[in-house]
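Only one structure is covered here, and it is reproduced in the block below.
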Amino acid sequence: MTESTTAGRWSERLLGANGWLLYLFLYVPIFVLIVFSFNDNQRVAVWTEFSFRWYGEMLDNDAVLRALRNTLIVAAVATTISTILGTVAALSMERYRFRGQRSADGLLYLPIIIPDVTMAVMMLLFFAQAINIASHVVRLNFGLGTISLAHIAFNIAYVAVVVRARLALMEPQLEEAAADLYASKWQAFRRVTLPLIMPGVAGGALLALTLSLDDVVVTSFVSGPGSTTLPVYVFGLVRRGVTPLINAVSVVMLVASIVLVGISLGLQRRSGKTSPLIE
Amino acid sequence: MATEVATVELEERAKRAESRRGVLIGAPAFLYLILFFALPLLIVLVYSFASRSSTGATILGNWNLNSWIRVFDSQVAQIAWRSLWLASLTTVFCLVFGYPFAYWIATRSDRARGVLLILVMIPFWSNFLVRTYAIRFLMGVEGPVSIVSQALGGEPIRILFTNTAILIGMVYGYIPFMILPLYAALERMDWRLVEAARDLYAPGWTAFKKVTFPLSMPGVVAGSVLVFIPSLGAYVIPAILGGSNTVLLGDYIVSQFLSARNWPFGSALSTAVMIVMLAATIFYFRRGGRTL
């Protein structure tokens with residue numbers, strides 16, 4: 001792509017300028033936030049001196065800690081279950097042919113397509129109705145249970161997409177070879193298929209975990225008293241204004257998500273394939 | 001199986017058993033989605049035909065089309081128009097800056113490409129709420145941008161709580177969704193075709209217009225849909241960066257449930273938004289023809 005003309009050199013320069021400016025646009029807000037989270041001043045944007053004060057206050061704040069605990073519980077439950085369900089859905093869609101498969105395809109893709117506000121509305125009405133009906137037998141309420149069930153509902157689709165992409169890369173002949181060597185269906189799955197699709201399963205699980213840790217809209221619709229998660233709690237605070245405490249909490253959330261990216265990139269490097277998400 | 005005589009009937013039976021096994025393996029996931037996704041979808045649809053009591057309770061009965069008639073009301077049209085306009089602007093800005101960006105990455109050396117791509121992936125995976133908050137923090141009247149501007153003798157920046165702020169926030173939030181499919185399309189492209197065009201004396205710009213751009217079209221369509229859909233339904237970004245008097249579709253729907261307590265109308269609205277999204281996605285599958 002080497003250009004010797006003046007026009008070529010100029011377009012090359014413009015491309016580079018656009019590239020670096022876009023990186024600045026993406027990273028400056030994040031860096032400024034990180035720097036100011038170590039600012040001692042009560043007034044957010046006036047720099048006084050470096051301190052861990054707000055991180056200390058965060059650790060003393062019961063509401064933040066409770067929200068963090070709720071977030072981790074929901075994320076653990078939702079990630080585990082949605083990874084299993086998403087993987088079996090991917091296997092059944094990629095490895096078998098059955099009637100009604102196209103409808104199943106629609107059912108699997110729809111949760112990705114619809115906006116989260118719509119998903120939130122669906123979950124609210126469904127659980128309100130379900131709790132109402134169940135009230136004749138047991139008293140249920142909105143809480144960590146409803147949040148987890150809702151998170152699983154939108155996560156399955158994402159896990160299935162990632163695992164399916166991985167399965168599509170794998171040659172089905174490998175399973176046939178295992179069968180020819182008298183491996184049972186289960187042995188072939190356990191010893192051949194599963195290890196090969198493991199990077200996809202892990203990638204799907206990380207995506208589910210990230211989505212679960214990030215979700216604000218759906219969670220705020222189906223959470224009950226005392227079951228606020230960290231993003232919902234922070235969202236509530238942010239709407240009222242900027243505080244140094246939010247800066248500190250935000251940086252912790254940011255670092256957590258960057259660590260997750262690191263893990264996912266590491267997994268991809270080991271498996272030698274780019275994430276199907278880039279595709 | 002190998003010792004059996006492969007008659008047509010046996011083969012048919014094996015096929016049926018195989019198909020049954022496929023359904024059985026996926027069953028837990030499909031049942032879950034039927035119960036916790038398809039059924040809720042149906043409930044929303046049913047609610048959109050329900051009526052509302054004067055206290056704001058939803059009456060399941062006395063079915064009518066009132067909520068659906070209200071969806072086509074001029075107030076809603078205005079909100080929908082504003083949301084469509086902002087979502088379109090967001091998509092255009094993401095494309096205008098994202099395309100040269102993806103092109104630039106795709107034409108670097110293998111080594112540089114890896115690093116540059118990771119630098120896009122990090123914001124893509126970072127917590128969305130926090131990234132929006134970072135913009136809010138930066139643009140506030142007492143925020144760092146404003147202070148720098150005042151220190152340089154300028155005016156304090158009053159951009160927060162305007163549509164411009166929402167637009168900046170949405171471009172900031174969604175541009176990675178545009179860059180990644182564009183990059184994938186450009187990277188997969190056969191660059192020898194561009195060289196061939198150059199060998200046939202096509203100037204750089206003509207080669208781009210006639211070869212590169214058409215070949216990257218699937219990426220353009222995929223990226224545009226991936227940006228347009230969340231922008232149209234955006235709730236968090238307008239809530240944090242927008243003013244209290246700029247109502248967009250996302251907050252309008254939410255307010256029907258949390259403050260106005262008009263569930264039938266909110267259900268009709270959210271169904272309508274979903275139909276528009278589905279139409280956009282079907283368009284994408286027809287044009288781009290690729291999965292996510």
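Rule-based calculations on the coordinates, nothing more; no lab input. These numbers come from a predicted model, not from an experiment. Every residue, glycine among them, receives a Cβ derived from its backbone with ideal geometry; neighbour counts consider all protein chains shown.
Worth a mention:
- Ranked for footprinting exposure by Cβ neighbours inside 10 Å, fewest first, A:23, B:32 give A:23, B:32.
- Taking Cβ atoms as reference points and 14 Å as the exclusive limit, the residues near residue A:43 contribute a net charge of -2, counting Lys and Arg as +1 and Asp and Glu as -1.
- Diffusion constant of the protein assembly as shown at 20 °C, which comes from Stokes-Einstein with the Kirkwood Cα-pair radius and 1.002 mPa s, µm²/s: 83
- Computed E for residue B:72/residue B:285 - FRET, C-beta separation, R0 25 angstrom, nearest 0.05: 0.35
- Charged neighbours of residue A:68, selected by a Cβ distance under 15 Å, balance to -3 (K, R count +1; D, E count -1).
- Percent RCO, i.e. relative contact order, over chain A, from Cα pairs under 8 Å lying at least 6 residues apart: 29
- Within chain B, helices built from complete DSSP H runs that reach 18 Å or longer along their own axis (Cα positions) and carry a mean Kyte-Doolittle hydropathy of 1.6 or higher are B:217-232.
- Residue B:63-residue A:43 pseudo-label distance in nm [points 7 Å out on the Cα-to-Cβ vector]: 6.2
- Candidate aspartates and glutamates for bridging to residue B:210, where Cα separation is under 13 Å - those fewer than 8 sequence places away on the same chain excluded: B:195
- Peptide-level mean, for B:14-27, of C-beta atoms on other protein chains within 10 Å: 5
- Under 12 Å, Cβ to Cβ, from residue B:172 - net charge with Lys/Arg +1 and Asp/Glu -1: +2
- Residues with amide H under 5 Å from that of residue B:52, placed H, sequence gap 5 or more: B:59
- Both the radius of gyration and Dmax for chain A are 23.5, 80 Å, in that order, over alpha-carbon atoms.
- FRET efficiency for the residue B:11 to residue B:244 pair, using the beta carbon distance and R₀ = 51 Å, is estimated at 0.15.
- Label-point separation in nm, residue B:82 to residue B:148, each point 7 Å along Cα→Cβ: 3.0
- Peptide ranges A:56-64, A:114-122, B:33-41, A:210-218 listed from the most packed, as the mean C-beta count within 10 angstrom indicates: A:114-122, A:210-218, B:33-41, A:56-64
- Using the empirical formula 2.2 N^0.38 Å as the baseline, the Cα radius of gyration of the stretch B:8-47 reaches a ratio of 1.79.
- Of A:11, A:250, A:220, the one that fluctuates the most in a GNM where chain A has Cα springs shorter than 10 Å: A:11
- Each part reduced to its alpha carbon centroid, the stretch A:9-70 and the stretch B:42-93 end up 38 Å apart.
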